[in-house]
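The values are calculated or read from the model by the stated rules, or taken from the named source; none is laboratory data. Not measured: the values here are computed from a predicted model. With ideal geometry, Cβ positions are generated from the backbone for all residues, glycine too; neighbour counts draw on all protein chains shown. Note: accessible area is taken over every heavy atom of the protein model, side chains too, but ligands, DNA and RNA are not part of it. Shrake-Rupley method; radii C 1.70, N 1.55, O 1.52, S 1.80 Å.
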Number of protein chains: 4
Amino acid sequence: MTKKLGVGVLGVGEMGRRHAENLRHLVPNAQLVAVADAVEERARKVAGELEIEKSFGSLEAMLEHKGIDAIIIATPDAFHAPAVSQVAAAGKAMLCEKPLALNLADARASLAAVAKHKVYFQVGFMRRYDPAYASAMKRIEAGEIGVPVVFKSLGRDKEGPPLSYYHSQINGMLFYTNTIHDFDLARWMVQDEVTEVHAFGTAAIRPEVTQFGDVVASVVNLKFAKGAIGNIESHAQAQYGYDVRTEIVGSKGSIQVGSLHRTPATFLTTNGSVSPIADYFLSTFADAYLLEMRDFVDRILNDREPSATGEDGFRALAIAAAAEQSQAQSRVSLVEA
Amino acid sequence: MTKKLGVGVLGVGEMGRRHAENLRHLVPNAQLVAVADAVEERARKVAGELEIEKSFGSLEAMLEHKGIDAIIIATPDAFHAPAVSQVAAAGKAMLCEKPLALNLADARASLAAVAKHKVYFQVGFMRRYDPAYASAMKRIEAGEIGVPVVFKSLGRDKEGPPLSYYHSQINGMLFYTNTIHDFDLARWMVQDEVTEVHAFGTAAIRPEVTQFGDVVASVVNLKFAKGAIGNIESHAQAQYGYDVRTEIVGSKGSIQVGSLHRTPATFLTTNGSVSPIADYFLSTFADAYLLEMRDFVDRILNDREPSATGEDGFRALAIAAAAEQSQAQSRVSLVEA
Amino acid sequence: MTKKLGVGVLGVGEMGRRHAENLRHLVPNAQLVAVADAVEERARKVAGELEIEKSFGSLEAMLEHKGIDAIIIATPDAFHAPAVSQVAAAGKAMLCEKPLALNLADARASLAAVAKHKVYFQVGFMRRYDPAYASAMKRIEAGEIGVPVVFKSLGRDKEGPPLSYYHSQINGMLFYTNTIHDFDLARWMVQDEVTEVHAFGTAAIRPEVTQFGDVVASVVNLKFAKGAIGNIESHAQAQYGYDVRTEIVGSKGSIQVGSLHRTPATFLTTNGSVSPIADYFLSTFADAYLLEMRDFVDRILNDREPSATGEDGFRALAIAAAAEQSQAQSRVSLVEA
Amino acid sequence: MTKKLGVGVLGVGEMGRRHAENLRHLVPNAQLVAVADAVEERARKVAGELEIEKSFGSLEAMLEHKGIDAIIIATPDAFHAPAVSQVAAAGKAMLCEKPLALNLADARASLAAVAKHKVYFQVGFMRRYDPAYASAMKRIEAGEIGVPVVFKSLGRDKEGPPLSYYHSQINGMLFYTNTIHDFDLARWMVQDEVTEVHAFGTAAIRPEVTQFGDVVASVVNLKFAKGAIGNIESHAQAQYGYDVRTEIVGSKGSIQVGSLHRTPATFLTTNGSVSPIADYFLSTFADAYLLEMRDFVDRILNDREPSATGEDGFRALAIAAAAEQSQAQSRVSLVEA
């Protein structure tokens, strides 16, 4: 039998737990060796449920375990960058959830550590693995839409985070946690760099978040180096469901990606036809998360380049930082190169 | 029998001709009395085809005809404002196609004439008459979506205009002829004023238009007075078809308007399911144009207020002017109040 | 100016009134000369509303009017066949609403009169004029789907007729008034004759109609001469709306026709996405009815063959009669040739 | 850790192989112990690929293995019934793929063995596990559609089987392998028994299959005990893709299930909007097959009743047999109770 990749998951909140489950049961070439969490009790509980032996209260402890070849970093956002540096210093491969960091300085420091220790590094832009996005990208790469002219994307969450989420200050704001997926899609699908942005935001329906410098919804205009333009909308609490859609208008043809509905079932009533709407990213992108883990493991085992690199993580973050600045200062902002 | 409203149509290019046809055959309470066009021969030809007696080579001549109660102004954009003033001075009711003028000064002058002569004045924002937009608006007015949070709209034409269109300098650029519809929808559906805009444009796929100060596609971010935000995309040559869509996200629910397809027929082939796409505004909005004419005539006959006023025409134009400035200077622009 | 076709409408219930309105206002080459109805007062009222001068209490009276070139027969079904014979004897062109008659003997008699007097005769299969059906048919005729293999169709009404409708015995049952449209589409789109049928019906949700020999819903299997098969479902009271859909599976490709929704507006709510459903045939097929009238008038004025002939009316009726027999006797029935 | 259920898979053609893969990697509470196939070399190969130790050339041999608690029967159809009897005699739990048998006598014999040995028996009607069908069924059970009036379903395969498939005579014909899914859905969703059927079939586009008594496409009318009616279409070679759709019209509301498209990506081209169509049952129903295996394993481990019983398998088969007779003899057939 093939040698399996030994993986440890750092942070077993909702996201990390999903990665751990996928690695435990659904990624044939991986062996989930351990989970770790700053709340050690939580790590222990997850380990028990997944029927694995090892759980730890810190990354340090987990890194000492012999069987670990790779780490999944799924902590709160503020801890991503330091964890990357630490895993790099330990010489392990890793996938770090988005965003790479909460500011460009931290991002640079962690990527420097990756470079110095020459470890495999992938950033968690899982939408690249979604079958619909992947099939669209294949067509773009085949030249079917010609030159990209307009990139449009939107991401709407059903429910906004609780206020405690903002108070803790350990997670990124709207541009850093939500829009960052679209910033990555923009670069990936247009195959070009975003050079300038302009953002408007609103917190009118939840003014409490203003004190934390955040907004509830935003629109970000994009300008690309080779002449394309674009716009991304993000909304933290659209109420009706979880809705992610992207559209690329090219000089020869266009592509739409995105499905609003949970299942292909429609109810015909006297009020009209009713179709249930998707409600959560972990359902909509269940396949994408699984395919991401499988591909991550295969790339390491076969010594291939990561699908989404540290550079990709950095550049999406730089667009987010520019959008934040634009929105705060009501002006056009240049994206740091 | 009811007294019919005697109507004359000024400008019988494609748009004016459609209005004339509708008035001639499909608006029971109107009588198409005459058509006029700077190219008198064209007016004569259309009069012949529509089987009406009178055609003229100028607005002046048409205004002298006794049977005329109201004028439809459908000339090239540059002649809208002077025609409005002239019709107002003659004391006739009128509908003026969008845009009201090509700059704010001209718009102000023509509205002053309307005010002075106290004539009925309606601006041609026909999308307000489209059954889908109208049904959406009813729901918004009934409070079904709560407070508007994000307004999105897009308008894509299939084929860009010929270069001669730009050379003639008698028609507005992208913001003034295409996006202006969405600027009006924004105000109408959000029920609020747009105060600031930011626009990026691109002419990368047709650099020749740059010399005329125009772009092929644009994205315009919007900020509304009460806190909503928005974005409008316009595209002069999307190739695949004529595509108009609007979406309003509210605090309680959201609405999407817009249909891409020409007829409800789908072809299932080995390449996938294929549905023909709409290709022209006169087809997509055929109902809207007809309903607009019928309602225009009824409002005058029944002495009711216009559905889209001179103020509406002015404010949409002010947003277009701000967008043009923003795009030219790469900065956020305030909308003139 | 062209000579207009003088038309009289017989029967100004809902259907006849629509034809009269279309002829009055929306068919440039027709002149609505008169309307007639067994209830003379109703004819008078409609004439007043449409602002025409003549109304009559009988077909005889209307036929004596000099200006009439053609008659639209839109009486209750039981009176179609005798009216056809009478109009034929008067030497006038005509369009008769479906069904041609309520039994094959009456149909034969009326078609014999048409043949004898050599008058223009068209039967009211207006779906052939619907833009979606027409575009599908064009593709079929162009050979795009290859050989038809399976024909499917369904027609669902929102509300069943009142019991008085059944008591009067002057209108056809489900197969004769509803399914007959699909019987015609089957022959037209498959371009072949239906030779055998089998029908099941149900009245379980409205047992009162059983005493009149009718059912609430039915499924009819079809066998075509050249080997294709098919099925048609009809439902008199589907509650959620008016729903008409057809699908043809061919050896090389397939076509779906039909749209459930009233307008291209969708409401996104916490219960799911909601789209209003069409509710009435006069709305869904408004274009088809208008195009039918225009084409009817043009064919007569230009001496062209009818689009749907007496033969077409007879054969659809023969399928209905076979379906009725099949359903009553629970066996396969041959269609009379 | 929980005791896992030891499972052996009999028949590792395409279907059995999928079950084996799911059990091996994606069903946490199962342990795939062995695979068996009449072609022993094939069993060995699959065992190697799935990295399990045991493979056998016969059911007998596999049944002797100690670790096996349950068997999945995925042989060609003709061998289902004898395998069921054999597994029952060995006292093991089992899931048998549809159809239960190729005739009612064999089905009865195998169910008698199941009854005698009191083993867990489930038939492979996996559509009951599909998320869209399951959500529709929940609504039906909650009474949301009222009384079922019309049941409609269709199943179209992209490519027909090779002629060798027919020659081997070990697999069922269209009604037994394809339509049988819809026969089960009919009983399950309408919650009633089918009492009478009528079927037309066609082999006009592939006359070679006639010699084997089969057809390429069929339409089957259904009558249910409590008064509902229905129709099912099956097509072995629709060319454009794999298409499965079901619709239930109830007295209060209706439900549609089924999605034609492979991924939520649409391509906008000058030929129209193009969406890739699903092409194979193993993709469309990937989730259903996995959920079926997980549920099968859980039910056995927790001593619960099967979701689709031997009775369900028998009754669907009885409808298929009646449909075959109806089609062969061109008459209405009663379904054996």
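Any residue at all in the range A:281-294 that's away from chain D (no Cβ under 14 Å), open to solvent by 30 Å² or more (accessible area, probe 1.4 Å), at pLDDT 95 or above and touching a helix residue (DSSP H, G or I) at 6+ places or on another chain (Cβ under 6 Å)? No; the residues of the range A:281-294 include none that is away from chain D (no Cβ under 14 Å), open to solvent by 30 Å² or more (accessible area, probe 1.4 Å), at pLDDT 95 or above and touching a helix residue (DSSP H, G or I) at 6+ places or on another chain (Cβ under 6 Å). For first residues located in the range A:122-139 and closer than 13 Å to D:PRO264 by Cβ and within 10 Å of chain D (Cβ to nearest Cβ), partners that are open to solvent by 20 Å² or more (accessible area, probe 1.4 Å) and of a type in the set (A, V, I, L, M) and lie 6+ apart or on another chain with Cβ distances below 9 Å form the pairs A:ASP130/A:LEU291; A:PRO131/A:LEU291; A:ALA134/A:LEU291. Any residue in the range B:258-268 that is within 11 Å of chain A (Cβ to nearest Cβ), under 26 Å from A:ARG156 (Cβ atoms), more than 21 Å from the chain's Cα centre (by Cα) and not aliphatic (A, V, I, L, M)? No, the range B:258-268 contains no residue that is within 11 Å of chain A (Cβ to nearest Cβ), under 26 Å from A:ARG156 (Cβ atoms), more than 21 Å from the chain's Cα centre (by Cα) and not aliphatic (A, V, I, L, M).
Evaluate the following for C:ILE170: is it open to solvent by 30 Å² or more (accessible area, probe 1.4 Å) and more than 18 Å from the chain's Cα centre (by Cα)? So C:ILE170 does not fit the description; no.
Against the list (1) farther than 24 Å from D:PHE151 by Cα; (2) assigned to a helix (DSSP H, G or I); (3) at pLDDT 95 or above, the condition C:GLY227 fails is (2). With a requirement of 3 or more residues that are over 27 Å from B:VAL219 (Cβ atoms) and out of contact with any Cys (no Cβ under 8 Å at 6 or more places or on another chain), the strands (runs of 3 or more DSSP E) lying completely within the range B:236-337 that satisfy it span B:265-269, B:272-275. Residues that are under 30 Å from A:THR270 (Cβ atoms), surrounded by fewer than 23 Cβ atoms within 10 Å (Cβ to Cβ) and of a type outside the set (Gly, Ala, Ser) do occur in the range D:251-259, at least one of them. Say whether the condition of being over 22 Å from D:MET173 (Cα atoms) and not small (Gly, Ala, Ser) is met by at least one residue in the range D:76-85. The answer is no; no qualifying residue exists.
Among the residues here, A:VAL9 qualifies as in contact (Cβ under 8 Å) with a residue 60 or more places away in the chain and under 22 Å from A:PHE125 (Cα atoms).
Here B:VAL209 clears all of (1) in a loop (DSSP other than H, G, I, E, B); (2) surrounded by fewer than 23 Cβ atoms within 10 Å (Cβ to Cβ); (3) not basic (Lys, Arg) except the condition numbered (1).
Each row is one residue, and each column tells you yes or no for (1) within 23 Å of B:LEU301 (Cα to Cα); (2) of a type outside the set (Lys, Arg); (3) in contact with an Asp or Glu (Cβ under 9 Å, 6 or more places away or on another chain).
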{"residue": "B:MET15", "(1), (2), (3)": "no, yes, yes"}
{"residue": "B:ARG18", "(1), (2), (3)": "yes, no, no"}
{"residue": "B:ARG24", "(1), (2), (3)": "yes, no, yes"}
{"residue": "B:VAL33", "(1), (2), (3)": "yes, yes, yes"}
{"residue": "B:ASP37", "(1), (2), (3)": "no, yes, no"}
{"residue": "B:ARG42", "(1), (2), (3)": "no, no, no"}
{"residue": "B:VAL46", "(1), (2), (3)": "no, yes, yes"}
{"residue": "B:ILE52", "(1), (2), (3)": "yes, yes, no"}
{"residue": "B:LEU59", "(1), (2), (3)": "yes, yes, no"}
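For the range B:88-106, the criterion of being in contact with a helix residue (DSSP H, G or I) (Cβ under 6 Å, 6 or more places away or on another chain) and free of Cβ contacts under 8 Å to residues at least 24 places away in the same chain is met by no residue.
Among the residues of the range D:269-278, those identified as of a type in the set (Ser, Thr, Tyr) and either open to solvent by less than 30 Å² (accessible area, probe 1.4 Å) or more than 8 Å from chain A (Cβ to nearest Cβ) (or both) are D:SER273, D:SER275.
Across the range D:199-249, which residue is nearest to the other protein chains (Cβ to nearest Cβ) among those that are more than 25 Å from D:LEU334 (Cα to Cα) and among the hydroxyl-bearing types (Ser, Thr, Tyr)? In this case the residue turns out to be D:TYR240. Evaluated against (1) modelled with pLDDT of 95 or more; (2) more than 9 Å from chain C (Cβ to nearest Cβ), D:ASN171 falls short on exactly one condition, (1). Pairing residues of the range A:197-209 that are among the polar types (S, T, N, Q) with residues that are surrounded by fewer than 20 Cβ atoms within 10 Å (Cβ to Cβ), at Cβ distances under 7 Å and at least 6 apart in sequence or on separate chains, gives A:THR202/B:GLY227. Only a single item in (1) farther than 30 Å from C:ILE145 by Cα; (2) surrounded by fewer than 20 Cβ atoms within 10 Å (Cβ to Cβ); (3) of a type in the set (Val, Ile, Thr) is not met by B:ILE232, and it is number (2). On inspection, C:PHE183 passes the criterion of being more than 14 Å from chain D (Cβ to nearest Cβ) and crowded, with 21+ Cβ neighbours inside 10 Å. Within the range D:134-192, the set of residues being assigned to a strand (DSSP E or B) and of a type in the set (S, T, N, Q) comprises just one member, D:SER153.
State whether the residues of the range D:116-131 include one that is surrounded by 24 or more Cβ atoms within 10 Å (Cβ to Cβ), among the acidic types (Asp, Glu) and touching a His at 6+ places or on another chain (Cβ under 8 Å). No: zero hits. So, in the range D:140-153, of the ones that are more than 13 Å from chain A (Cβ to nearest Cβ) and hydrophobic (A, V, I, L, M, F, W, C), which residue ends up surrounded by the fewest Cβ atoms within 10 Å (Cβ to Cβ)? So, considering only residues that are more than 13 Å from chain A (Cβ to nearest Cβ) and hydrophobic (A, V, I, L, M, F, W, C), the one surrounded by the fewest Cβ atoms within 10 Å (Cβ to Cβ) is D:VAL147.
Working only within the range A:218-231, note down all residues that are within 24 Å of the chain's Cα centre (by Cα) and touching a residue at least 24 places away in the same chain (Cβ under 8 Å). If the condition is that a residue be within 24 Å of the chain's Cα centre (by Cα) and touching a residue at least 24 places away in the same chain (Cβ under 8 Å), then A:SER218, A:VAL220, A:ASN221, A:LEU222, A:LYS223, A:PHE224, A:ALA225, A:ALA228, A:ILE229, A:GLY230, A:ASN231 are the ones that fit.
Residue selection: A:GLU53 satisfies the criterion of being without any contact (Cβ under 8 Å) to a residue 60 or more places away in the chain, within 12 Å of chain D (Cβ to nearest Cβ) and not aromatic (Phe, Trp, Tyr).
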